[in-house]
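Notes for the one structure printed next.
The values are calculated or read from the model by the stated rules, or taken from the named source; none is laboratory data. From a predicted model like this one, the values you see are computed outputs, not experimental measurements. Neighbour counts are summed over all protein chains in view; Cβ atoms, including those assigned to glycine, are modelled from backbone coordinates with ideal geometry.
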Amino acid sequence: MTTATTTTGDRPAPADGEPVLEVRDLSVTFTTEGGTVSAVDGVDLTLGRGEIVGVVGESGCGKSVTAMSLAGLLPRSAEVTGSVELLGRQLRGAPPAQLRAVRGNEIAYIFQEPMSSLNPVLTVGRQVSEVLQVHERMSRARARERAVELLRLVGIPSPERRVRQYPHELSGGMRQRVMIAMAVACDPTVLVADEPTTALDVTVQAGILDVLRGLRDRLGTSILVITHDLGVIADVADRVVVMYAGRVVERAGVEELFVHPRHHYAAGLLSASPTPGRYAAADDRLQEIPGLVPTLAEQPDACTFADRCPAATDRCRSAAPPLAELDPGSGHEVACWHPRGSTPTTDHPAGEEDA
Amino acid sequence: MARYLATRAWQSLLTLVLAAVVVFLGIRALPGDPALALAGEDRSPEALAAIRSEYGLDQSLPVQFWQYVTRMVRGDLGTSIRTGEPVSEMLRTALPVTLELSLLAIVIATLLGVLAGVVAAVRRGRPEEWVANGLALVGLSVPHFWLGLVAILYLAVATNLFPASGFVPLAEDPVANLHHLVLPSVILGTGLAAVIMRQTRSSMLDALSADYVRTAEAKGLRPRVVVTRHALRNSLIVVVTIVGLQLGALISGAVVTEQIFTLPGFGKLTIDAVFQRDYPVIQAVVLVTATSYIVINFAVDLLYSVIDPRVRVAGEAA
């Protein structure tokens with residue numbers, strides 16, 4: 001479907017080519033026994049062809065819920081509003097059969113825990129080939145051959161032998177490669193990687209990120225990486241979206257964000273991550289952001305970070321700051337009434353701990 | 001695998017020997033004298049002594065046990081004190097009845113139980129689940145001898161849909177054979193079906209919220225495939241265990257069911273033998289039952305490795 005590319009409005013043009021996935025004003029509310037919980041509030045997200053966008057934030061900031069809602073994978077207790085367009089087609093509220101045709105085919109997922117995300121009683125070959133049988137209508141034998149090729153593509157040695165093995169016979173990194181092989185089996189337009197490396201050793205992580213980058217370079221896959229790990233973002237992402245308590249608080253190119261974080265939360269996240277050379281100074285310690293991400297029954301008309309923010313004023317508590325570019329045309333957007341200047345990261349004033 | 005099998009065989013043998021000792025001593029500890037039961041009207045000491053000597057009952061217990069074991073090893077299960085028939089012959093006619101009854105009951109209970117359990121889990125919180133839960137409660141709490149009597153009353157006597165009692169061997173007339181066994185099998189299977197349903201429901205609920213089911217959904221598989229290929233197969237591991245554990249209850253249930261439907265099976269043989277203090281028959285019946293327990297447990301273990309590949313590897317490593 002070559003629908004006319006929807007105008008991105010005031011949003012910066014994606015790195016390479018037209019947007020393939022456009023999320024507008026996405027909100028998700030869960031109805032639980034204890035009342036309603038607002039998990040995502042008015043999130044906008046654009047993913048260009050061949051682009052890797054990182055969504056970063058603490059646990060509970062709504063990043064995974066956002067990811068799951070794209071292909072309608074949330075439980076029935078979730079109420080989703082807003083718009084999710086894949087190549088101009090509306091997915092939000094689409095009938096189940098249509099969503100099934102998209103899942104695993106046009107939007108594919110990689111999950112955090114490759115051990116529990118793979119079915120323990122089916123061979124990995126079977127788990128890869130069943131995607132092909134469903135979406136590409138391949139015969140079982142043909143799908144199996146293709147599964148071998150896919151395992152080779154994601155860097156699994158002796159794939160002919162591996163297809164007959166079960167998940168428990170593989171290492172964590174190999175399992176995650178199987179997940180990726182499964183996800184890219186039908187050459188998806190969008191790959192959503194939800195904490196793809198969190199459960200893995202650091203050395204294995206690098207290999208997995210290489211595979212993701214390789215897929216983008218060779219197949220032109222657009223990838224949405226959901227993570228709490230800024231190291232992963234720095235490694236693979238072209239652009240970063242910072243989420244806090246269900247809202248997007250900052251959005252920028254990866255280098256811009258790392259060098260000039262404008263939102264106090266983003267700056268706090270950066271100073272809470274170790275960077276090489278930082279320990280040179282004796283009194284320079286990793287800063288933590290005081291407090292926790294709030295769980296909200298409803299989204300207030302205020303900055304939800306105000307209670308943890310060193311720069312918060314009354315204005316922050318009485319009106320929600322809009323997500324806007326500070327310097328027009330820079331593509332760097334921030335939702336803050338008192339954005340940080342171009343101060344270096346390490347000068348984040350949040351920590352007043354004594355050494 | 002070979003070592004695993006050898007270990008299992010050794011354990012099974014030990015279990016069998018223990019079972020033989022326990023039953024041998026157990027029945028002799030029971031009050032009552034087989035010689036008295038056999039003697040009938042003529043209870044003169046001479047007649048009793050003749051009977052005792054004929055069946056070796058006047059020997060000391062160790063000697064009796066030794067005779068019993070040596071005969072058994074030769075495949076001679078002895079002669080029934082009550083009927084004078086060889087015990088092996090009596091088993092040959094009774095065993096197929098009970099085997100068929102139990103097998104049918106297992107099949108029916110597994111089909112019903114797994115189906116109801118899956119429905120209850122998939123349609124959680126809806127009328128389908130309440131119906132399935134209600135049926136399971138009935139199956140668990142209503143004694144099956146009562147259910148059996150009610151079934152005879154309404155489905156056999158009142159409507160003539162099924163025969164109320166009796167048995168036709170499979171080889172003679174398969175249709176009539178099945179017709180006679182359907183009702184007893186369903187009745188015998190109700191308790192097991194209820195247990196299987198509850199177990200399937202709870203392990204399906206676990207499986208349906210597992211990460212690999214989310215993966216299956218994210219692949220765009222149809223709900224039916226997600227439920228059967230991905231969730232159910234994992235749930236069956238637990239269900240198989242439960243079925244294995246419940247088979248003991250099934251065998252004792254068969255004794256009662258056979259009595260109600262007057263099936264000439266193992267149950268009837270056992271009850272008659274116990275009342276008559278027919279030692280050789282009781283010993284044989286218990287041994288065969290113990291053997292079937294062992295065989296069933298072994299089969300269940302092998303079944304695990306078919307369903308769960310992780311067990312396969314552990315077994316090979318052992």
Subset tally (residues that are of a type in the set (Ser, Thr, Tyr) and under 25 Å from B:ALA193 (Cα atoms)) for region B:58-115: 3
Within region A:150-185, considering residues that are surrounded by fewer than 22 Cβ atoms within 10 Å (Cβ to Cβ) and among the polar types (S, T, N, Q), the one modelled with the lowest pLDDT: A:SER171
Single match in B:SER209, B:SER235 (criterion: over 23 Å from B:LEU302 (Cα atoms), more than 8 Å from every other protein chain (Cβ to nearest Cβ) and hydroxyl-bearing (Ser, Thr, Tyr)): B:SER209
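For region B:71-99, how many residues are among the aliphatic types (A, V, I, L, M) and buried (at least 21 other Cβ atoms within 10 Å of the Cβ)?
Taking region B:71-99 and keeping what is among the aliphatic types (A, V, I, L, M), we get B:72-73, B:77, B:81, B:87, B:90-91, B:94-95, B:97, B:99.
Now drop any that are not buried (at least 21 other Cβ atoms within 10 Å of the Cβ), which leaves B:77, B:81, B:87, B:90, B:94, B:97.
Counting residues in region B:71-99 that are among the aliphatic types (A, V, I, L, M) and buried (at least 21 other Cβ atoms within 10 Å of the Cβ) gives 6.
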Which numbered condition B:SER292 misses (of (1) within 14 Å of chain A (Cβ to nearest Cβ); (2) surrounded by fewer than 23 Cβ atoms within 10 Å (Cβ to Cβ)): (1)
Condition check for B:ALA109: closer than 26 Å to B:TYR293 by Cβ and modelled with pLDDT of 85 or more: yes
Condition check for A:LEU191: within 12 Å of another protein chain (Cβ to nearest Cβ), under 26 Å from the mean Cα position of the chain (by Cα) and more than 21 Å from B:ASP211 (Cβ to Cβ): no
Answer from A:MET182, A:MET174 - the residue that is within 14 Å of chain B (Cβ to nearest Cβ) and more than 13 Å from the chain's Cα centre (by Cα): A:MET182
Test: residue in region B:100-110 that is surrounded by fewer than 14 Cβ atoms within 10 Å (Cβ to Cβ) and either under 30 Å from A:ARG76 (Cα atoms) or out of contact with any Asp or Glu (no Cβ under 8 Å at 6 or more places or on another chain) (or both): yes
Top-ranked residue in region B:295-314 [being hydrophobic (A, V, I, L, M, F, W, C) and within 14 Å of another protein chain (Cβ to nearest Cβ); ranked as surrounded by the fewest Cβ atoms within 10 Å (Cβ to Cβ)]: B:VAL306
Residues being within 21 Å of A:LEU219 (Cα to Cα), in contact (Cβ under 8 Å) with a residue 40 or more places away in the chain and within 14 Å of another protein chain (Cβ to nearest Cβ) - total across region A:136-164: 1
Subset of region B:213-224 that is in a helix (DSSP H, G or I), hydrophobic (A, V, I, L, M, F, W, C) and at the interface with chain A (Cβ under 8 Å from one of its Cβ atoms) - its residue that is surrounded by the most Cβ atoms within 10 Å (Cβ to Cβ): B:ALA216
Entirely in region A:48-135, the strands (runs of 3 or more DSSP E) that have 2 or more residues that are facing chain B (nearest Cβ under 9 Å): A:107-110
Scope region B:57-95; condition more than 16 Å from B:ILE271 (Cα to Cα), touching a helix residue (DSSP H, G or I) at 6+ places or on another chain (Cβ under 8 Å) and of a type in the set (A, V, I, L, M); matching residues: B:LEU57, B:LEU61, B:VAL69, B:MET72, B:LEU77
